[in-house]
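Novice: Handing you a structure now.
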């Protein structure tokens, strides 16, 4: 009987891991080099992380265009974009949605920053942000502040969509005061 219980529990654990799992890559940590990428934005322009060398980058991954939490987070970054840019940083969003979905989302909400289409999830996987929920895959809500030298200055694995932009602004200010 005990063997049967152990087998059933092991089976349930295996199913749970299959239904809800992250990509195979190890999570990145502050101080490591940020993986470079080449992705297309909502306007069809190609962006590489290396294009932003010398600037601070707020690279945020989000699950789905035009969903409540993702809209809140994007609109807060939009509303705070001038403050973020005053700190010498650029905002770049990434999800597994297609270019046309990003174009509709950006236009609908007046988003003044690139939304990159990581349709195959490769970049989200490199950043440890690709999540699978059964057959559905999406980018988890994670953010990375990339320093001007290309290293990760901050990694956020738990993000509150409502307050995240303000947290990023505070952290950018703190990081830059330490950097001087």
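The values are calculated or read from the model by the stated rules, or taken from the named source; none is laboratory data. Predicted model only: the values in this text are computed from it and were never measured. Positions of Cβ are backbone-derived with ideal geometry, glycine not excepted, and every protein chain shown enters the neighbour counts.
Novice: Got a sec? Which strands (runs of 3 or more DSSP E) wholly within region 63-139 have at least 2 residues that are at pLDDT 95 or above? Let's see the steps before the verdict.
Specialist: On the way: elements: 89-95, 115-117, 130-133, 136-139.
Filter on region 63-139 gives 89-95, 115-117.
Novice: Out of all the residues in region 88-111, which are touching a helix residue (DSSP H, G or I) at 6+ places or on another chain (Cβ under 6 Å) and either surrounded by fewer than 17 Cβ atoms within 10 Å (Cβ to Cβ) or free of Cβ contacts under 8 Å to residues at least 24 places away in the same chain (or both)?
Specialist: The answer is 109, and nothing else.
Novice: Here's a follow-up. Could you check region 112-135 and list, in sequence order, the residues that are free of Cβ contacts under 8 Å to residues at least 60 places away in the same chain and surrounded by 19 or more Cβ atoms within 10 Å (Cβ to Cβ)?
Specialist: 113
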